[in-house]
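Read the structure below first, then the notes.
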């Protein structure tokens with residue numbers, strides 16, 4: 001089967017690549033687009049270090065033939081910061097020393113971001129369940145769980161601050 | 001090596017591609033690890049991602065789940081709360097967002113926990129072959145497999161009555177672990193005795209099995225620890241060793257987990 005042209009909305013920008021049938025989404029990100037944040041860990045879907053958001057949901061990109069997701073939206077760790085300004089989850093990881101060697105961090109942050117996008121007020125158990133597919137061999141997980149809960153607090157605080165500035169339903 | 005991935009836009013088109021050994025690809029969470037793992041023989045896949053087989057219908061207690069519906073879709077559906085504990089016991093969110101319901105029917109033991117639940121619910125499969133769609137009990141496919149070139153398009157079952165469905169999985173960790181023993185049951189207790197029961201067991205044989213002898217013991221009896229202990233001894237299972245548990249351990253703890261599944265303690 002010949003290679004195919006695949007179109008992705010990658011971190012908000014439309015991008016094209018030529019893909020062989022065997023090319024995974026992870027390989028496309030790392031080798032075609034140079035986005036090396038998502039890591040190749042086990043290549044079995046077991047470690048979560050390749051986690052990215054596919055149409056808004058976290059997936060292990062090592063198990064996805066990229067030709068099957070033509071037309072989809074993909075978000076990676078590289079799309080999280082706004083210039084020099086880190087995302088709330090990234091900043092909470094930095095502030096909470098939630099990263100040591102850093103190999104799991106991009107996948108961990110994408111799983112955490114997906115959780116907070118769906119559930120702005122997660123319990124500790126919700127966080128544990130959300131990152132249960134992301135293996136970290138350094139931290140013992142506690143700083144990561146705390147950082148995700150901290151990011152959730154920050155995000156709720158930011159939402160209520162902006163609501164105070166612009167009350168819902170106010171005429172503008 | 002993966003040499004082709006077809007992307008049919010309908011179930012009929014998907015089936016026509018399933019010839020000469022081409023395999024259907026659901027979420028890829030079972031097939032792709034094997035393809036990533038080794039330089040094996042050439043493999044051709046037919047992706048069901050865009051074949052229109054994703055979606056859940058619930059009407060008057062009848063549930064129909066499209067073959068390519070993801071485990072996450074099932075987990076999130078407020079109409080299927082009884083399946084949520086089962087689905088949440090399977091792998092992790094980034095895997096459940098890919099893995100499909102029909103795919104779960106064909107993974108080897110000790111995986112396939114949703115298949116155990118669906119077997120307990122006496123699910124029927126819509127199977128597409130060259131002559132069209134026919135119904136097949138999941139029980140028959142779980143025992144004998146699906147002939148090459150045929151495609152499961154839908155899974156149908158009747159929703160269990162309130163409180164009638166039980167799911168219990170023993171694993172090495174609370175989350176993201178293969179099963180040591182999985183028990184799924186649909187059970188009706190009337191006037192203090194078991195009026196109907198269907199029991200599916202994972203981890204206790206190379207294939208997903210129904211505990212028919214245990215069902216026979218339970219029927220007409222009160223649901224007591226003594227009766228359940230007798231039921232647990234009734235079937236001659238042949239469990240297996242793997243990285244999660246030994247065959248000996250599985251056989252040893254099965255009675256405990258059957259009791260926990262049926263009595264909650």
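The values are calculated or read from the model by the stated rules, or taken from the named source; none is laboratory data. As the structure is a computational prediction, the values presented were derived from the model and not from experiment. As a convention, Cβ positions derive from the backbone with ideal geometry for all residues, glycine included, and neighbour counts pool all protein chains shown.
Here residue A:67 clears all of (1) within 10 Å of another protein chain (Cβ to nearest Cβ); (2) outside any loop (DSSP other than H, G, I, E, B); (3) surrounded by fewer than 17 Cβ atoms within 10 Å (Cβ to Cβ) except the condition numbered (3).
The residue that is nearest to the other protein chains (Cβ to nearest Cβ), among those in region B:181-192 that are touching a strand residue (DSSP E or B) at 6+ places or on another chain (Cβ under 8 Å) and over 14 Å from residue B:112 (Cβ atoms), is B:185. Here residue B:102 meets each of (1) under 27 Å from residue A:62 (Cβ atoms); (2) touching a helix residue (DSSP H, G or I) at 6+ places or on another chain (Cβ under 9 Å); (3) in a helix (DSSP H, G or I) with one exception, condition (2).
Taking (1) at the interface with chain B (Cβ under 10 Å from one of its Cβ atoms); (2) free of Cβ contacts under 8 Å to residues at least 12 places away in the same chain; (3) surrounded by fewer than 17 Cβ atoms within 10 Å (Cβ to Cβ) in turn, residue A:56 satisfies each apart from (2). Counting only residues that are part of a loop (DSSP other than H, G, I, E, B), more than 14 Å from every other protein chain (Cβ to nearest Cβ) and free of Cβ contacts under 8 Å to residues at least 60 places away in the same chain, region A:1-49 holds 4 of them. Can you find even one residue in region A:150-159 that is under 25 Å from residue A:30 (Cβ atoms) and buried (at least 22 other Cβ atoms within 10 Å of the Cβ)? Checking region A:150-159: not a single residue is under 25 Å from residue A:30 (Cβ atoms) and buried (at least 22 other Cβ atoms within 10 Å of the Cβ).
Residues in region B:9-21 that are within 23 Å of the chain's Cα centre (by Cα) and within 14 Å of another protein chain (Cβ to nearest Cβ): B:14 alone.
Looking at region B:49-83, which of the residues that are part of a helix (DSSP H, G or I) and more than 12 Å from every other protein chain (Cβ to nearest Cβ) is nearest to residue B:113 (Cα to Cα)?
Within region B:49-83, the subset part of a helix (DSSP H, G or I) is B:71-76, B:81-83.
Add one more test, that the residue is more than 12 Å from every other protein chain (Cβ to nearest Cβ), and what stays is B:74, B:81-83.
Working: B:74: 13, B:81: 16, B:82: 13, B:83: 10 Å.
Per the stated criteria, the residue is B:83.
Scanning region B:119-161 for residues that are free of Cβ contacts under 8 Å to residues at least 40 places away in the same chain and not in a strand (DSSP E or B) yields B:123, B:131, B:138, B:140, B:141, B:144, B:145, B:147, B:161. Report yes if some residue within region B:245-260 is closer than 27 Å to residue A:126 by Cα and modelled with pLDDT of 95 or more; otherwise report no. The answer is yes, given that some residue of region B:245-260 is closer than 27 Å to residue A:126 by Cα and modelled with pLDDT of 95 or more. When region B:150-168 is filtered for residues that are in contact with a helix residue (DSSP H, G or I) (Cβ under 9 Å, 6 or more places away or on another chain) and within 17 Å of residue B:105 (Cβ to Cβ), the ones remaining, listed by number, are B:150, B:151, B:152, B:153, B:154, B:155, B:157, B:167. For region A:70-90, taking the residues that are on the phi < 0 side of the Ramachandran plot and within 10 Å of chain B (Cβ to nearest Cβ), the one that is surrounded by the fewest Cβ atoms within 10 Å (Cβ to Cβ) is identified as A:70. Restricting region A:14-43 to residues that are surrounded by fewer than 16 Cβ atoms within 10 Å (Cβ to Cβ) and closer than 20 Å to residue A:105 by Cα leaves a set whose member that is nearest to the chain's Cα centre (by Cα) is A:36. Yes or no: residue B:95 assigned to a loop (DSSP other than H, G, I, E, B), modelled with pLDDT of 95 or more and within 14 Å of chain A (Cβ to nearest Cβ)? Considered against the rule, which asks whether it is assigned to a loop (DSSP other than H, G, I, E, B), modelled with pLDDT of 95 or more and within 14 Å of chain A (Cβ to nearest Cβ), residue B:95 comes out as no.
Residues that are surrounded by fewer than 16 Cβ atoms within 10 Å (Cβ to Cβ) and assigned to a loop (DSSP other than H, G, I, E, B) within region B:243-256 comprise B:243, B:246, listed in sequence order.
Taken together, the residues in region B:186-205 that are in contact with a helix residue (DSSP H, G or I) (Cβ under 8 Å, 6 or more places away or on another chain), part of a strand (DSSP E or B) and touching a residue at least 24 places away in the same chain (Cβ under 8 Å) amount to 8.
Scanning region A:118-150 for residues that are over 22 Å from residue A:36 (Cβ atoms) and within 12 Å of another protein chain (Cβ to nearest Cβ) yields A:118, A:119, A:125, A:126, A:127, A:128, A:129, A:130, A:132, A:141.
Among the residues of region B:25-42, is there at least one that is part of a loop (DSSP other than H, G, I, E, B), over 24 Å from residue A:60 (Cα atoms) and in contact with a strand residue (DSSP E or B) (Cβ under 8 Å, 6 or more places away or on another chain)? No, the conditions are met nowhere in region B:25-42.
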